[in-house]
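Handing you this structure, nothing more for now.
A short reminder: the numbers here are calculations on the coordinates, not readings from a lab. Given the structure is predicted, the values throughout are model-derived calculations rather than measurements. All Cβ positions, glycine included, derive from the backbone under ideal geometry; neighbour counts span all protein chains shown.
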Amino acid sequence: MFSIPSVIYTSLRYNLFDRNDLHRKNHKRNISRLGGLAIVGSFTISILLFSTLTNYKEANFLIASCILLTALGLKDDVYGTNTSTKFSLQLTVASILVFFGGFRLTSLYGVLTIGEMNLIWGGIFSLILIIFLNNAFNLIDGIDGLAGVIGIISTVTFGVLFCIMHQLPYAFIAFALAGAIGGFLKYNWFPAKIFMGDTGALIIGLVSAALAIKFIELNKFTGTNHPAFFSAPAIAVSILIVPIFDSLRVFCIRIFNRKSPFKGDRNHIHHRLEKLGMKPNKIVWLTASLNVVTIASTIALQTLGNFLLIFLLIGVCSLFNIVITWQLSKKESNKNLSPVKANAMSSL
């Protein structure tokens, strides 16, 4: 919170702005996109302080991954980066977490008909999941405060769940990131004075993916382990449902329209809500409320099993999207009828 004003001043002083994607932005004026530097800096310092209280070596690999990803995000926020460079570095970062840090899934409990996974298949699936969530949080960072609020909800929820599980190292990581985002959000709330940029969004996605993987693994059914939560994959999906559903939706639409799934557009759910006339702060509150309700409902119904819960989560989000589509079509119809009515009145 105290470092953000210095980041804003430095960006204005040295004209550190990326103008390559202004066609997709609501803000046509120059606003710093380097807020992620403050998030990463405070998060890293907090983790290093926490690591002195607990013997937690995995945090070193997480910090190393965050530093590499920060370099990628910083370059993209200032000068822009091509897709191949982004993917290569994200793959490298994910590989460090999966094969050195131990952030790897070994089972999906029958989700997608997948049970136990060996080192190779578990590693590949974990790599895909981490890279997907990296970009998913980046995709929802389209209006003031949205990615920050969803990031806080995700990390605070994981932190509370890890506390209940007596897994304090992971709770430390979750709460450290939540605090870092909270300090940034003071300046990112509508109307925003600064954006988190790719630097912040990628870090939130990376840490959220790591926490989700550990949450699922620590609640795995084994002969010696008695999980604190049932249906851990479904609970993890509910926590991250906003970036997951929005990203899957736009990827499917782009592929169906024979477009690159990585080419940006204004067809995200928050963009569609804007077309309905909603202000950014109301969109954030609506989306956050939906996220909280899905999390609470999934935890309350955790005994129903992963398949049914994930099916219900997708169904709720699909219904939400259908309502938006219906409202947009209704608004478009009224808009088209207005000139007809005006011509009729003039003729009378």
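Can you give me the angle between helix 35-51 and the longest principal axis of the chain, using Cα atoms only, in degrees from 0 to 90, rounded to the nearest 10?
Approximately 20 degrees, to the nearest ten.
Remind me, relative contact order of the chain in percent, using alpha carbon pairs under 8 angstrom and six or more residues apart? Kindly include the intermediate steps, with their values, before the conclusion.
On the way: 439 pairs, mean separation 71.1, N = 348.
Taking the mean separation of contacting Cα pairs over the length of the chain, I get 20 percent.
How far, in degrees from 0 to 90, does helix 4-14 lean away from the longest principal axis of the Cα atoms of the chain, to the nearest 10?
So the helix axis and the longest Cα principal axis differ by about 60 degrees.
What is the distance, in nm, between label points placed 7 Å from the Cα along the Cα-to-Cβ direction at D265 and at I164?
That separation, rounded to one decimal, is 3.9 nm.
With a sphere of radius 12 Å drawn around the Cβ of Q90, what net charge do the other residues whose Cβ falls strictly inside it have (Lys, Arg +1; Asp, Glu -1)?
Details: positive: K86; negative: D76, D198.
So the environment of Q90 carries a net charge of -1.
Also, quick follow-up: Helix 83-95 versus the longest principal axis of the chain: what is the Cα-based angle in degrees, 0 to 90, to the nearest 10?
Approximately 30 degrees, to the nearest ten.
Counting only helical runs of four or more DSSP H residues, what would the 222 nm mean residue ellipticity of the chain come to if each run contributes -39,500 (n - 2.57) and the total is spread over all its residues? Walk me through the numbers on the way to the answer.
Details: 13 runs with 239 residues, N = 348.
About -23500 deg cm²/dmol.
Excluding the sites themselves, what is the longest stretch of the chain that contains no trypsin sites (Lys or Arg not before Pro) in a DSSP loop with at most 11 other C-beta atoms within 10 Å?
Values: sites that count: R19, K28, R29, K57, R258, K259, K263.
Counting only loop sites that pass the neighbour cut-off, the longest clear stretch is 58-257.
For N334 and F256 in one chain, what is 0.36 nm times their gap in residues minus the Cα-Cα distance, to one decimal in nm? Present the calculation step by step, with values, prior to reporting the outcome.
Numbers: separation 78, 0.36 × 78 = 28.08 nm, distance 2.83 nm.
Taking N334 through F256 to full extension adds about 25.2 nm, to one decimal.
For S107, enumerate residues with amide H under 5 Å from its amide H, sequence gap 5+ or separate chain, H modeled in the peptide plane.
M117
Just check the range 117-172 against the gyration tensor rule for me: Cα atoms, a ≥ b ≥ c as the square roots of the eigenvalues, rounded for a/c under 1.5, and otherwise prolate or oblate depending on whether a/b exceeds b/c.
Working: a/c = 4.06, a/b = 1.11, b/c = 3.65.
Oblate.
At most 14 other Cβ atoms within 10 Å plus a DSSP loop assignment makes a site exposed; report the longest stretch of the chain without any exposed chymotrypsin sites (Phe, Trp or Tyr not before Pro). Walk me through the numbers on the way to the answer.
Numbers: sites that count: F2, Y79, F221, F262.
Counting at most 14 other Cβ atoms within 10 Å as exposed, the longest clean stretch of the chain is 80-220.
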